[in-house]
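Since the structure comes first, as structure tokens, the remarks are kept for the end.
The values are calculated or read from the model by the stated rules, or taken from the named source; none is laboratory data. Bear in mind that the values here come from a model prediction, so they are computed numbers and not experimental data. Here the Cβ is made from the backbone with ideal geometry for all residues, glycine too, and neighbour counts use every protein chain on show. Surface areas here come from the heavy atoms of the whole protein model, side chains and all, with no ligands, DNA or RNA. Shrake-Rupley method; radii C 1.70, N 1.55, O 1.52, S 1.80 Å.
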Amino acid sequence: NGRNRVSHYSDAQGAEQDVLAKQLIMLSELQHGFERGEFFLMYQPIMDAHGDVLDAVEALVRWRKSDGAVVPPDQFIPVAEQSRLIVHLGRWVVQQVCRDLPRMHAAGLSHVKVHINMAAPEFLDSSLPAELMATVRAAGVDPSSLQIELTENMVMSHIDTSLPIMRKLTQLGFEISLDDFGMGYSSLSLLKTLPIASLKIDRLFLAGIPRERDDCAIVRTMLDLGRNMGIGVIAEGVETDGQLGYLRQFGCTLVQGYLLGRPMPLPQLLERFGRTAHP
Ligand code: C2E
Ligand code: CA
Ligand code: CA
Ligand code: CA
């Protein structure tokens with residue numbers, strides 16, 4: 001028994017150490033990968049609700065390890081967030097977008113905005129607006145070409161820090177989008193004071209559309225909310241014609257999802273939507 005108890009105890013402790021060790025290994029791999037330039041961006045289309053016009057794209061980061069395996073961001077962003085790496089990675093994303101934007105413009109996509117995701121350690125830093133401004137200036141990019149996606153959770157749980165930064169960014173001409181909307185706990189009065197251009201309905205709520213009554217009611221409420229507040233609503237994770245039809249019927253103007261287009265490399269985006277593209 002004594003032996004069992006001892007081994008049980010060390011098993012649990014061992015499992016915990018295992019997780020920590022794995023994260024440490026990944027963090028060091030990430031750091032080396034970053035130095036070796038193993039990160040790249042994919043762009044996913046954000047379309048009008050008829051699926052005809054490209055309105056914007058969302059930049060989504062990927063990590064191609066030296067063995068060729070591509071790691072999705074859900075697996076490495078939380079690890080990168082444990083260190084300053086997330087700040088360097090975030091800056092790299094902005095710089096890469098600023099390099100890609102002129103190519104989009106040259107291909108006739110001058111009206112298209114690029115959405116950029118930002119994690120808390122990157123965003124909740126009062127020097128961010130000035131740094132961002134310096135980066136876009138150096139690249140000759142207009143701030144209004146960028147829409148910064150912040151999760152509702154992050155904004156609301158750090159509202160004292162996030163609100164002044166959001167205000168500063170919008171003063172400078174950047175736009176802000178509230179991501180994963182519906183997953184956090186926004187008070188409506190607080191929501192009204194946020195300087196946001198759009199909110200993005202989390203794809204969790206899209207899953208039951210158009211069959212499940214509750215999901216339908218929630219989505220319709222969010223669409224009304226956006227309309228009444230005069231801000232755009234983007235439905236994320238649209239995978240079926242049924243979802244698209246329902247969203248259109250209730251006045252959703254912007255949609256994003258595998259049905260409209262998966263995240264793709266820049267050349268593919270230009271080929272599909274650029275001036276020389278054949279629809
Ligand atoms: P997110 O911001 O909510 O991005 C949307 C995610 O949903 C993307 O996953 C996208 O590929 C996926 N998606 C889009 N349409 C569909 C669909 O129809 N069906 C399904 N099942 N999924 C769809 P991805 O690229 O794996 O990114 C996951 C998350 O990683 C993002 O969620 C975002 O939170 C984070 N992320 C991605 N890029 C960056 C970045 O550059 N910086 C930071 N801080 N976070 C990032
Ligand atoms: Ca996003
Ligand atoms: Ca989202
Ligand atoms: Ca999400």
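Could we say that Val233 is among the hydrophobic types (A, V, I, L, M, F, W, C) and under 25 Å from Leu190 (Cα atoms) here? In short, yes. The condition (being at pLDDT below 95, of a type in the set (A, V, I, L, M, F, W, C) and surrounded by 18 or more Cβ atoms within 10 Å (Cβ to Cβ)) is satisfied by just one residue among Phe181, Phe174: Phe181.
When the stretch 142-156 is filtered for residues that are open to solvent by less than 20 Å² (accessible area, probe 1.4 Å) and either in contact with a strand residue (DSSP E or B) (Cβ under 7 Å, 6 or more places away or on another chain) or away from ligand 2 (no atom under 13 Å from the Cβ) (or both), the ones remaining, listed by number, are Pro143, Ser145, Leu146, Gln147, Ile148, Glu149, Leu150, Glu152, Val155.
Taking the listed residues His88, His32, His50, the one that is open to solvent by 70 Å² or more (accessible area, probe 1.4 Å), more than 16 Å from ligand 3 (Cβ to nearest atom) and without any contact (Cβ under 8 Å) to a residue 24 or more places away in the chain is His32, with no other qualifying. Residues that are modelled with pLDDT of 95 or more, out of contact with any helix residue (DSSP H, G or I) (no Cβ under 9 Å at 6 or more places or on another chain) and among the acidic types (Asp, Glu) within the stretch 30-69 comprise Glu35, Asp48, Asp55, Glu58, listed in sequence order. Residues of the stretch 147-185 that are farther than 15 Å from Leu132 by Cβ, touching a helix residue (DSSP H, G or I) at 6+ places or on another chain (Cβ under 6 Å) and away from ligand 1 (no atom under 11 Å from the Cβ): Val155, Leu178, Gly182, Gly184. Residue under question is Val114, and the condition is that it be within 22 Å of Pro265 (Cα to Cα) and either outside any strand (DSSP E or B) or in contact with a His (Cβ under 7 Å, 6 or more places away or on another chain) (or both); does it hold? Here the answer is no, as Val114 does not meet what is asked. Kindly indicate whether Ala120 is within 27 Å of Glu29 (Cα to Cα), surrounded by fewer than 21 Cβ atoms within 10 Å (Cβ to Cβ) and of a type in the set (A, V, I, L, M, F, W, C). Considered against the rule, which asks whether it is within 27 Å of Glu29 (Cα to Cα), surrounded by fewer than 21 Cβ atoms within 10 Å (Cβ to Cβ) and of a type in the set (A, V, I, L, M, F, W, C), Ala120 comes out as yes. Under the condition of being under 18 Å from the mean Cα position of the chain (by Cα) and either in a helix (DSSP H, G or I) or surrounded by 14 or more Cβ atoms within 10 Å (Cβ to Cβ) (or both), the residues counted in the stretch 56-84 number 18. When the stretch 74-91 is filtered for residues that are within 17 Å of Asp125 (Cβ to Cβ) and polar (S, T, N, Q), the ones remaining, listed by number, are Gln82, Ser83.
Which members of the stretch 157-200 meet the condition of being touching a Gly at 6+ places or on another chain (Cβ under 6 Å) and away from ligand 2 (no atom under 16 Å from the Cβ)? Hits for the stretch 157-200: nothing passes.
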